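Below is one structure; the comments refer to it alone.
The values are calculated or read from the model by the stated rules, or taken from the named source; none is laboratory data. Please read these numbers as outputs of a predicted model, since none were measured by experiment. Don't worry about glycine lacking a Cβ; one is built from the backbone with ideal geometry, like all the others, and counts go over all protein chains shown.
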Amino acid sequence: MDFLLRAGKEFGFDFEAHASAYPVHRYTDAEKKRIESYWQKRGGNVKWHSMEKTDDYIKNEANPCLLCQKLRKRMLKKGLAESVLDWEGLVIIICHTLWDIASYSVEHMLTDIFPDPDGGLGPDKSKRFIQTAQRFYPVLKMKEGYMVFRPMIKYNNTDIQKTIAHRGIPTLSIPCKFKAFSPKRIMEEYYEKTGLRFEYGRIFDFAKKSLNLPDISAYTSIKKEKYLLEVF
């Protein structure tokens, strides 16, 4: 939002910030008010979306992160269907980072490449790769005319944290109780403790050559109904 507010003034565009307030324990009224007040002072607004579920809905799941992700996708698809009139003028901006795609590379090697082939990959693992592989591309120009843009894909988390600290940007102070179930969160802690930094070009080349990253056209040709609900 910091970058977009500054870029919007320079290039003359507006944007809307939408946040799914889930899991519920992270998004107290006080937290939301604190974050809202900061952005309102800078001329930006955050629209909070309720998933209409409590944390009990995911707490007993083997992997609550997957169900949380499904809830968010449904919210996004529903919200876009109800509010977007001009799909050709829409740009969906996503906050994936360089550490995210580094983690996806490790995850794919450990779950889809190195395991005993006699065990089989299974449809869930293949589906997971299809979902994560498209996140290696900074920009997708979809067939209906809308775009998916990941402006932070070339930034290490340490770069982002420095910017947040320098600009005094507030973030959620309540950690997610379920973050230990997310592979990329576990990997991020490792990168941080070992002081690792990455280069987008090298990770992308590796994923393209060694992980058989699908060509960008495999995603840009998907109809929005399927992409937003099953792939995004």
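Data table
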read-out	value
Cβ-Cβ under 6 Å pairs, at least 6 apart or on other chains, the range 63-91 side without any contact (Cβ under 8 Å) to a residue 40 or more places away in the chain, far side part of a helix (DSSP H, G or I)	67/58
Output for the range 67-83, where each listed residue is of a type outside the set (D, E, K, R), at pLDDT below 90 and either crowded, with 17+ Cβ neighbours inside 10 Å or in contact with a Phe, Trp or Tyr (Cβ under 9 Å, 6 or more places away or on another chain) (or both)	75, 76, 80
Some residue of the range 166-186 being loosely packed, with under 13 Cβ neighbours inside 10 Å, at negative phi and touching a His at 6+ places or on another chain (Cβ under 7 Å)	yes
Candidates 102, 62 - the one that is within 30 Å of residue 207 (Cα to Cα), of a type in the set (A, V, I, L, M, F, W, C) and surrounded by fewer than 13 Cβ atoms within 10 Å (Cβ to Cβ)	62
Complete set of residues in the range 7-25 that are surrounded by fewer than 12 Cβ atoms within 10 Å (Cβ to Cβ) and either part of a helix (DSSP H, G or I) or of a type in the set (Val, Ile, Thr) (or both)	9, 10, 11
Test: residue in the range 53-70 that is in contact with a helix residue (DSSP H, G or I) (Cβ under 8 Å, 6 or more places away or on another chain), among the hydroxyl-bearing types (Ser, Thr, Tyr) and over 25 Å from residue 160 (Cβ atoms)	yes
Per-region count, the range 187-207, residues assigned to a helix (DSSP H, G or I) and free of Cβ contacts under 8 Å to residues at least 40 places away in the same chain	8
